[in-house]
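Scroll down for the structure; my scribbles are underneath it.
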Amino acid sequence: MIYRDRIEAGNYLATRLLKYANRDNVIVLALPRGGVPVAYEVARQLKAPLDIFVVRKLGVPGHEELAMGAIATGDVRILNEEVVETLGIPEYIIDAITTQELKELRRREVEYRGNRPEPDVKDKMVILIDDGLATGSTMRAAVAALRQQQPARIVVAVPVSAIETCDEYRMGSDEIVCGATPDPFYGVGLWYHDFTQTTDEEVRALLEHARDGIESRELVNTR
């Protein structure tokens, strides 16, 4: 399966998540930026609120592609103790990198959410969405960080994934839904005709549209 774009991918993914439609305790969270157009279509069809969950990797100094941990929405920090101990990374280095990445995380949250508070996910069913999974390292960090906020259930959902990554045990989630698991995989972008980078403006617009939709439904329900 090759998706036309993230909109088509989101519409297809929504058909795999219909059991979560019209539930008061479901919230859809997107990993910005590419996950937002996908999640918007899912949230729209499930009639669920949409928000973002920002994750920033804490890279090992000099080898930034190697994660020694991550920070996420809600002032959550998780560390890969095995990496930290094996490489002997001192705490002051970890704190310095955390401070640096926290600035970027908060910039993105303000950029996308404005002054609205972060979503309360405690005891909620959370559907965590990105546009695809390759190694899954960012999604694993997101799940681990989200778990500390005590949701009732975490469902990872993506339109396409490497077959070995589509594993709820590996992701640390309660459930994982992968629209397609092509083999060989090669990379997420190969399974989209249009994989143009999502812009900050598009993210803001989609979140605003989603909020407008929820507010309109709430207004109708109170009449």
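Might you let me know whether segment 178-191 holds any residue that is at pLDDT 95 or above and within 20 Å of Ala48 (Cα to Cα)? Yes, that holds for at least one residue.
Listed conditions (1) within 15 Å of the chain's Cα centre (by Cα); (2) assigned to a loop (DSSP other than H, G, I, E, B); (3) surrounded by fewer than 22 Cβ atoms within 10 Å (Cβ to Cβ) are all met by Asp131, apart from (3). Scoring Ile154 on the criteria (1) within 22 Å of Asn80 (Cα to Cα); (2) in a helix (DSSP H, G or I); (3) in contact with an Asp or Glu (Cβ under 6 Å, 6 or more places away or on another chain) leaves a single failure, condition (2). Within segment 40-67, residues that are closer than 30 Å to Arg23 by Cβ reach partners that are of a type in the set (S, T, N, Q) with beta carbons closer than 6 Å, at six or more positions or on different chains, in the pairs Glu41/Asn11; Lys47/Asn22; Phe53/Thr73; Val54/Thr73; Val55/Thr138.
Scan segment 34-46 for residues that are surrounded by fewer than 24 Cβ atoms within 10 Å (Cβ to Cβ) and in contact with a strand residue (DSSP E or B) (Cβ under 9 Å, 6 or more places away or on another chain) and the total you get is 3.
Taken together, the residues in segment 55-80 that are under 16 Å from Val110 (Cβ atoms) and at pLDDT 90 or above amount to 0. Cβ-Cβ contacts under 7 Å between residues 6 or more apart (or on different chains), taken from a first residue in segment 125-137 that is within 14 Å of Thr165 (Cβ to Cβ) and in the same structural domain as Ala14 (by TED's automatic domain parsing) to a second residue that is among the polar types (S, T, N, Q) and surrounded by 24 or more Cβ atoms within 10 Å (Cβ to Cβ), are listed as Gly132/Ser161; Leu133/Ser161.
Entry remark, segment 1-43: residues being more than 26 Å from Phe185 (Cα to Cα) and over 16 Å from the mean Cα position of the chain (by Cα) number 8 in total.
The values are calculated or read from the model by the stated rules, or taken from the named source; none is laboratory data. Every value quoted in this text rests on a predicted model; they were computed, and no experiment measured them. Cβ: placed from backbone, ideal geometry, glycine included. Neighbour counts: every protein chain shown.
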